[in-house]
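The values are calculated or read from the model by the stated rules, or taken from the named source; none is laboratory data. Please read all numbers here as calculations on a predicted model, not as lab measurements. For neighbour counting, all protein chains shown are included, and Cβ atoms are generated from backbone atoms with ideal geometry for every residue, glycine included.
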Amino acid sequence: MILLDVVIAMAVVALLLLLVLPSLPHETTPSRLGAYAAEVAAILKNDRSSAARTGREVGTHVDIAGKRIASGATGQAVALPRDVTLDLIASDTCRNARGEYAVVFAADGRSCGAVIRLAKGGLDWRIRVNWLTGFIDVVAPNRG
């Protein structure tokens, strides 16, 4: 009798899952886009701290085509989904000889300066890196 109750309960749960799963969002939600921006800012801040701590330049690699931002210090990376747009506004000092981009932090706190833009639909998150101080801030989209 107990086994039959368990089987019926599992069948009901499976039926509910079949009804609920198709309605779950398959796109990047606005809150997840903000979380991506926070993750990218955390990687940049970690690389800036690593440059100051070690006394050597550290670069955060930005792969625009692959939609990936990777730490030069730890290798930690954020891979963005297809529906998120990744843009980078940076000077030529942020580009290496192979044409790849990296936000480079010097040991004294300076950086090459950049703005990383994560966008989807009408939402536009910006992660700004000050070239003189290396200060990193996240600018949320204007919803008004």
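Brief remarks on what is shown
- The residue that is modelled with the lowest pLDDT, among those in region 1-37 that are touching a strand residue (DSSP E or B) at 6+ places or on another chain (Cβ under 6 Å) and part of a helix (DSSP H, G or I), is Pro30.
- For the residues Ala102, Ala37, the requirement of being of a type in the set (A, V, I, L, M) and out of contact with any Phe, Trp or Tyr (no Cβ under 8 Å at 6 or more places or on another chain) singles out Ala102.
- Among all residues of region 59-72, there is none that is surrounded by fewer than 17 Cβ atoms within 10 Å (Cβ to Cβ), over 20 Å from Val115 (Cβ atoms) and at pLDDT below 95.
- Criterion: at pLDDT 95 or above and either more than 11 Å from the chain's Cα centre (by Cα) or not in a loop (DSSP other than H, G, I, E, B) (or both) - qualifying residue of Arg117, Arg98, Arg82: Arg117
- When restricted to residues that are closer than 17 Å to Tyr36 by Cα and either of a type in the set (Lys, Arg) or part of a loop (DSSP other than H, G, I, E, B) (or both), region 52-64 contains 1.
- Within region 65-79, restricting attention to residues that are among the hydrophobic types (A, V, I, L, M, F, W, C) and outside any strand (DSSP E or B), the residue that is nearest to Leu123 (Cα to Cα) is Ala65.
- Taken together, the residues in region 111-130 that are within 16 Å of Arg48 (Cα to Cα) and surrounded by fewer than 17 Cβ atoms within 10 Å (Cβ to Cβ) amount to 2.
- Entry remark, region 124-144: residues being of a type in the set (A, V, I, L, M), under 20 Å from Val62 (Cβ atoms) and in contact (Cβ under 8 Å) with a residue 60 or more places away in the chain number 4 in total.
- Restricting attention to region 94-110, the residues that are small (Gly, Ala, Ser) and buried (at least 16 other Cβ atoms within 10 Å of the Cβ) add up to 2.
- For Val40, the requirement of being outside any helix (DSSP H, G or I), hydrophobic (A, V, I, L, M, F, W, C) and under 16 Å from Ala79 (Cβ atoms) is not met.
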